[in-house]
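A short write-up of the structure that comes next.
The values are calculated or read from the model by the stated rules, or taken from the named source; none is laboratory data. From a predicted model like this one, the values you see are computed outputs, not experimental measurements. With ideal geometry, Cβ positions are generated from the backbone for all residues, glycine too; neighbour counts draw on all protein chains shown.
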Amino acid sequence: VDSVTLRVGHALNEDHVVARSYRHMADELEQLSDGSMHLRIFPNGQMGSTQDMLGQMQNGALDLVHASASNLESFDDIYSVFNLPYLFPSQADFKKVVFGPIGEEIMQSTREKGFFAIGAYVAGYRSFYASKPIRTPADLEGMKIRVQSSPTTIRMIKLMGGSPTPIAFSEVYSALQQGVVDGAENNVPSYVQTRHAELARYFSEDQHTSVPDFLTIATSTWNRLSDEQQQILQKAVADSEAYQQKLWDKVNQQAREQAKEMGAQFIEVDKDAFRKAVQPLYEEYRQQSGHAELLERIRDAEQDDDQPQG
Amino acid sequence: MSLATFKKPVDAVIATLTVTVMVALVGCVVWQVFSRYVLSEPSTITDELARYAMIWVGLLGAAYTVGLQQHLAIDLITDAMGARDRAAMGVLINAVVVAFALLVITRGGLGLIDKSLASGQLSPAMRIPMGYVYFVLPISGVVMSYYCALFCIGHLIDLCRPDRHRVAGLASSAEHYETVAAQAAATGPATLDEQEERR
Amino acid sequence: MDASMLTMFGSFFLLIFLGVPVAFSIGIATVITMLLTFPFDVAVSIVAQRMATGLDSFTLLAIPFFILAGTLMSSGGIARRLIDFAQVLVGRLPGSLSHVNIMSNMMFGAISGSAVAAAAAVGGTLGPIQQREGYPAPYSTAVNVSSCVTGLLIPPSNVLIVYSLTSGGVSIATLFMAGYIPGILMGLGLMLTGGIIARRRGYPTAERPTLKQAVQAFLRAIPSLMMIVVVIGGILGGVFTATEASAIAVVYTFVLSVLIYREVTFRQLPKLILESVVMSSVVLLLIGLSVSMSWAMNVSGIPQAISDTLLSVSSNPIVILLMINLALLIVGIFMDMTPAVLIFTPIFLPIATQLGIDPVHFGIMMVFNLCIGLLTPPVGSALFVGCSVSGVKLQHLLRPLLPFYAVLVLVLLAVTFIPALSLGLPHLFELK
Ligand code: NA
Ligand code: NA
């Protein structure tokens, strides 16, 4: 096997579950290829934002880039489906879709644009956290909720009754502390790791979205690899996916404990009320071409028990 | 005909443009605060709009500043030189900047626009093609090269005719600001107030 | 030293030595280094991308806004009112006008983000008065120049915003709070030095102001000083983010100097805005191209290599910090503050964090250190502005500056080895 070094960029900090999985993948790759394939990881957004890194990958300066479905939505509209709230009734359904044939099809969709996804990673559920419990959409009324600048998320929060407020990630801690925003939304490990749990004591588990992360690769890089190298890489990626899911469950559990130690409370939420509130989003979504059909297929896959579970 | 004749119209356009966008930028961020407190309906696009507008102001302003020769530089060597050597160095330095502005900022920028538009990449909030944001790169690169080419010519003339100093008058002077500002005032928005009203 | 490091730093220093503007030197050195690894089209496309998206930051927006506010302040009669107030506060101390100068620079610095704005506005007004009172011009210029940099530590501060960005998101509110005590200490150190010199040489002291004069000066300074409440109070009180505060600062100074003091006319506005665009774009182009340089450094593993070298010399934090300080003092002699922060933060900060030093503390130390560089030839913007305002020749200024350099280095050592000086105030406000 010829020697090859692949450059991977991600904007996660080095403790992040996926960042750790990439280090695991680097080790696997070395082993499986008898030391001929290497990953050089550029963490922490060293190379720029995810959007920038995707551009760099298209230029051939990076080989692989970690991106969330929200980032990829800018390149292909098909990824926007993952931003729909309450798309997956359970994490099992999430895995059926993301790691099944539909997921595979979505991951290949940007191939013409110079890259595609070769790995998918779970990211739990995103929920609201704030200085007061949010049990129903009525509780959200008038609350300023920090969001990423994504039209679907902004629309979702509006439909639920809140005021979406885009704020840079690095400013969220002080914004929460000083009351520029009343709350934010993310998964439990992020809630703990950012120490937002110190400020926004109530984690209300409405579990509105479950957005997968992806590992993307430049089509040119992929084509440059030999069949054998492709297989080795694919295997290392698959291993890192399995590793990440196990690690995620563990870290998620630990994070819940830590949050409680930091004084946070987990609040049970009437999810149906929120689900009902966001229905117009589905109607709007269906109006775009191809969307209704994709949704239909996802619903079918969720009901189908014979699908392989990732 | 003096070289300044070729420079002034470009100055006036860039000055007017950057001053206008700068005022709009202040308005944009003030609106963000206003919409959050007074309307309690936080604006969801001001953040992105302001960021992209700043890229434009920054890079167009940088081109304008090339025209004023006010980018930070160490003049140790050139200051110690005689007039002829200084003119020769002037040709060299400006040629180096032209090369960078054309090969990197302009060509790199065009390549970037090409790739961005081809992949259909959209901005996260406003959903405008990212390629449009990058258009400022080639514009800025071309303006920078234009200015530096003028300076190069000026220095070359100085080299041949040491009795006349064209370049000294071309770049920075208080008077220069005045004329440009007057042009900007005549063609562009005169005051913050007017800007706010128009919006 | 490997090939890419040699190429990058070699071409960079050659270019700035020849007189190519620093920003372009950074860009060209970056492209040359990248050509070692990447084809031409890839290299230029990446540099263009980093240059544009390096500016894609809402936080960064505070820089042009604070510059604009500073420009409006400098010509809007705000400096004069602060000077009158400083006169009442410290005019009776031995070395009277030196203290007035330092105090005015600190107050001006507390509402503006740039040192040169203070040097020009305060030095321009106070210089002639000092000369009339018998203070030698080189001495009073030295006082003005060395104290104008206090405003880079006392918030708001543009260079701390640049650091926040380069360090990967250290909160601006925290950095701002952390700058107060070191900035004030810097001012007090300079006042002490100035006081001793003035007493020894018998410089005159101002007359005691009448109560009425004192109250009047105070009342007239209040609207200007209220800026601190609006900007810093606004950020700390959670009314708005740092960038929003900077936009409010623009509106506030606009109202004050155009509508209330009427010292800036509407006709002058486009010119002043254009001036701020020029000043901002000098910084913004540097930032954009430095972001591309740091990309190339990361790909070539340069920060890691430097860090390994430094840590192989010693793993004692005190030794490493002294070495970093020495390196930065040398850097500061030849380089302006913004490019120095942009280029050396990615190299030195990881070493510092590895040694357990708080990034906030490190940033304050770095900025303090580079403040001294602004006062040293051949490259020192504060020095040049101070000279051009007072008409004193550079060679006459260096001797009177020596005692001030000494005290600044002493305070720098204190800031370096007593983290509480930087971190105490942020902790008090429970900032992360
Ligand atoms: Na300041
Ligand atoms: Na210096």
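Would you confirm, using the coordinates I've provided, whether C:Thr376 is more than 16 Å from ligand 1 (Cβ to nearest atom), in contact with a Phe, Trp or Tyr (Cβ under 9 Å, 6 or more places away or on another chain) and either part of a helix (DSSP H, G or I) or not assigned by the TED database to the domain that holds C:Ala121 (or both)? Here the answer is no, as C:Thr376 does not meet what is asked. Of all residues in region C:58-90, how many are farther than 17 Å from C:Ser157 by Cα and within 14 Å of chain B (Cβ to nearest Cβ)? Number of matching residues: 2.
Return the only residue of C:Ile83, C:Ile129, C:Ile111 being modelled with pLDDT of 85 or more and over 25 Å from C:Lys212 (Cβ atoms).
Checking each option against the conditions leaves just C:Ile111.
Might you let me know whether region C:78-100 holds any residue that is among the small types (Gly, Ala, Ser), under 16 Å from the mean Cα position of the chain (by Cα) and in a helix (DSSP H, G or I)? So far as region C:78-100 goes, no, none of its residues is among the small types (Gly, Ala, Ser), under 16 Å from the mean Cα position of the chain (by Cα) and in a helix (DSSP H, G or I).
For region C:365-383, enumerate the residues that are modelled with pLDDT under 85 and under 14 Å from C:Asn144 (Cβ atoms).
Matches in region C:365-383: C:Gly380, C:Ser381.
Taking the condition more than 30 Å from B:Ile153 (Cβ to Cβ), among the small types (Gly, Ala, Ser) and surrounded by fewer than 24 Cβ atoms within 10 Å (Cβ to Cβ), does B:Ser2 pass? No, not satisfied. Please determine whether any residue of region B:16-33 is at the interface with another protein chain (Cβ under 7 Å from one of its Cβ atoms), without any contact (Cβ under 8 Å) to a residue 40 or more places away in the chain, over 30 Å from A:Lys158 (Cα atoms) and crowded, with 20+ Cβ neighbours inside 10 Å. Yes, because at least one residue in region B:16-33 is at the interface with another protein chain (Cβ under 7 Å from one of its Cβ atoms), without any contact (Cβ under 8 Å) to a residue 40 or more places away in the chain, over 30 Å from A:Lys158 (Cα atoms) and crowded, with 20+ Cβ neighbours inside 10 Å. A Cβ distance below 9 Å, combined with a sequence gap of six or more or placement on separate chains, defines the contacts here; from region B:34-47, residues that are facing chain A (nearest Cβ under 8 Å) reach residues that are β-branched (Val, Ile, Thr) and part of a loop (DSSP other than H, G, I, E, B) in the pairs B:Arg36/A:Val180; B:Pro42/A:Val181; B:Asp47/A:Ile167. For A:Asp2, the conditions (1) outside any helix (DSSP H, G or I); (2) under 19 Å from A:Arg224 (Cβ atoms); (3) at pLDDT 90 or above are fulfilled apart from (3).
Which residue out of C:Val145, C:Val100, C:Val159 is touching a Leu at 6+ places or on another chain (Cβ under 9 Å) and more than 16 Å from ligand 2 (Cβ to nearest atom)? From the options C:Val145, C:Val100, C:Val159, the qualifying one is C:Val100.
For region C:18-39, taking the residues that are more than 7 Å from chain B (Cβ to nearest Cβ) and in contact with a Leu (Cβ under 8 Å, 6 or more places away or on another chain), the one that is nearest to A:Gly55 (Cα to Cα) is identified as C:Thr30.
Scanning region A:174-213 for residues that are among the hydroxyl-bearing types (Ser, Thr, Tyr) and either in contact (Cβ under 8 Å) with a residue 60 or more places away in the chain or surrounded by fewer than 22 Cβ atoms within 10 Å (Cβ to Cβ) (or both) turns up A:Ser190, A:Tyr191, A:Thr194, A:Tyr202, A:Ser204, A:Thr209, A:Ser210.
Matching residues to (1) assigned to a helix (DSSP H, G or I); (2) at pLDDT 90 or above; (3) more than 14 Å from chain A (Cβ to nearest Cβ); (4) more than 17 Å from C:Ala79 (Cα to Cα):
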| site | (1), (2), (3), (4) |
| --- | --- |
| C:Ile232 | yes, no, no, yes |
| C:Ile235 | yes, no, no, yes |
| C:Val239 | no, no, no, yes |
| C:Ala247 | yes, yes, yes, yes |
| C:Val251 | yes, yes, yes, yes |
| C:Arg262 | no, no, yes, no |
| C:Arg267 | yes, yes, yes, yes |
| C:Pro270 | yes, yes, yes, yes |
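Candidates in region C:168-184 are the residues that are within 13 Å of chain A (Cβ to nearest Cβ) and surrounded by fewer than 21 Cβ atoms within 10 Å (Cβ to Cβ); of these, the one that is farthest from ligand 2 (Cβ to nearest atom) is C:Gly169.
Residues in region A:87-133 that are part of a helix (DSSP H, G or I) and crowded, with 18+ Cβ neighbours inside 10 Å: A:Asp93, A:Phe94, A:Lys95, A:Lys96, A:Val97, A:Val98, A:Ile102, A:Gly103, A:Ile106, A:Met107. Scanning region B:118-130 turns up no residue that is within 20 Å of the chain's Cα centre (by Cα) and more than 10 Å from chain C (Cβ to nearest Cβ).
The residues of region C:385-404 that are crowded, with 17+ Cβ neighbours inside 10 Å and either among the hydrophobic types (A, V, I, L, M, F, W, C) or over 20 Å from C:Leu126 (Cβ atoms) (or both), listed by number, are C:Val385, C:Cys387, C:Val389, C:Val392, C:Leu397, C:Leu401, C:Phe404. Just one residue in the set A:Ser109, A:Ser21 is within 30 Å of A:Ala292 (Cβ to Cβ), at pLDDT 90 or above, in contact with a helix residue (DSSP H, G or I) (Cβ under 6 Å, 6 or more places away or on another chain) and among the polar types (S, T, N, Q); that residue is A:Ser109.
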